[in-house]
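Worksheet: one structure, shown below.
The values are calculated or read from the model by the stated rules, or taken from the named source; none is laboratory data. Bear in mind the structure is a predicted one, so any value in this text is a computation, not a measurement. Every residue, glycine as well, gets a Cβ built from its backbone with ideal geometry; the counts of neighbours run over all protein chains shown. Surface areas here come from the heavy atoms of the whole protein model, side chains and all, with no ligands, DNA or RNA. Shrake-Rupley method; radii C 1.70, N 1.55, O 1.52, S 1.80 Å.
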Amino acid sequence: MNRIFYILLIAIALGSCSPYQKALKSEDIAVKYDIASKMYDAGKYTKAIRLFEQIAPSYRGKPAAEKMFYMFAQSYYKTKQHYLAGYQFESFTSSYPKSEKAEEAAFLSAESYSKLSPRYTLDQTDTDKAIDKLQAFINLYPNSEYLPRANEIVKTLREKLEKKAFENAKQYHTIGGYTRDYSAAIKALDNFIADYPGTPFKEDALYYRFDSAYILAINSVESKKQERLNLAKASYANLIKFNESTQYKKEVDEKLARIEKELQQFSN
């Protein structure tokens, strides 16, 4: 009796197997596609992905392939699997360049890669890659509805690169205690300002450039002191020329007074 009861339970369980579970086990790619589409439309993207992954190799060249690969890429995008989304959208635009979804896919591919960009302190290879892909999109679709967003992302990514470059230059001034290299700091900050003339970090860079020149001059040997004091004074002028109301005004004015006082001994 118990055996019959358990057989009935198993039969009921098998009979109640969901269409999704049946599709996963099915050998029929049309069934898998149908259920995957329904999962996608219902916003069940993780389940859709499992089925799309199963049928993708067999679907290339089929009439419904374009729609399937678009949904496949969107499913990765919706589940924030940025690398896979970027790759799938990129593959879609390569396979279907005349698709009405090609422009959107090209943008979403570039945007997905931009989301792989790490914080500025880390290696920025992915940031460079994302900028290249966004710029390629901008060049290809100069009138796109996605253009404002693409430009905004590029701006953010470039500022991240500038932030890293600025911090790398500034570290000669701020890191290392008595081993700080102010000559190297001046050179690094000069290079940064030349490389990024429109950077939002320019005021900070000019300040640290002045402060490095000031410290180097004040602590200089007598034979080099006058020249270095004048260079520090010129560095002060560059900062004030850039922003006469700089946030560092009180501090740099006090240091300029010290520079002027030190220079008096040479005029005397």
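Remark: the stretch 230-245, residue by residue, has Karplus-estimated 3J(HN,Hα) of 5, 5, 5, 4, 5, 5, 4, 4, 5, 5, 5, 5, 5, 8, 5, 10 Hz, where x stands for each Gly or Pro and the curve is 6.51 cos²θ - 1.76 cosθ + 1.60 at θ = phi - 60°.
Free of any GluC sites (Glu not before Pro) that DSSP assigns to a loop and that have at most 14 other C-beta atoms within 10 Å, the longest stretch within the chain is 146-243.
Ordering 31, 252 by accessible surface, largest first, gives 31, 252; the 1.4 Å probe counts only protein heavy atoms, with every chain in place. Given the alternatives (i) 66, 64, 49; (ii) 49, 45, 36; (iii) 114, 53, 28, Cα extents along the principal axes in Å as computed for this entry is given by (iii).
Considering only 181, 204, 28, the mean-square fluctuation computed in a Gaussian network model of the chain, springs between alpha carbons under 10 angstrom, is largest for 28. Placing +1 on the Cβ of every Lys and Arg and -1 on the Cβ of every Asp and Glu, with nothing else charged, gives the stretch 179-267 a dipole about its Cα centre of roughly 140 debye. Per residue, the accessible area of the chain comes to 59 Å², computed with a 1.4 Å probe over protein heavy atoms only.
The phi torsions of the stretch 74-90, fed into the Karplus equation with coefficients 6.51, -1.76 and 1.60 and a -60° offset, translate into couplings of 4, 5, 5, 5, 5, 9, 6, 8, 5, 5, 5, 5, x, 5, 5, 5, 5 Hz, rounded to whole numbers, with Gly and Pro shown as x.
Could you tell me whether the stretch 179-267 comes out rounded, prolate or oblate from its Cα gyration tensor? Rule is a ≥ b ≥ c as square roots of the eigenvalues, rounded for a/c under 1.5, then prolate if a/b exceeds b/c, otherwise oblate. Numbers along the way, then the final one.
On the way: a/c = 2.28, a/b = 1.41, b/c = 1.62.
Here the stretch 179-267 falls in the oblate category.
Neighbours of residue 48 by Cβ distance under 13 Å: Lys/Arg scored +1, Asp/Glu scored -1, total +4.
Which value in deg cm²/dmol, rounded to the nearest 500, describes the helix-derived mean residue ellipticity at 222 nm for the chain, given -39,500 (n - 2.57) per DSSP H run of n ≥ 4 and division by the residue count? About -25500 deg cm²/dmol. Between the residues 237, 24, 124, the greatest Cα displacement towards the positive end of the dipole of the chain, with unit charges on the Cβ of Lys, Arg, Asp and Glu, is found for 24.
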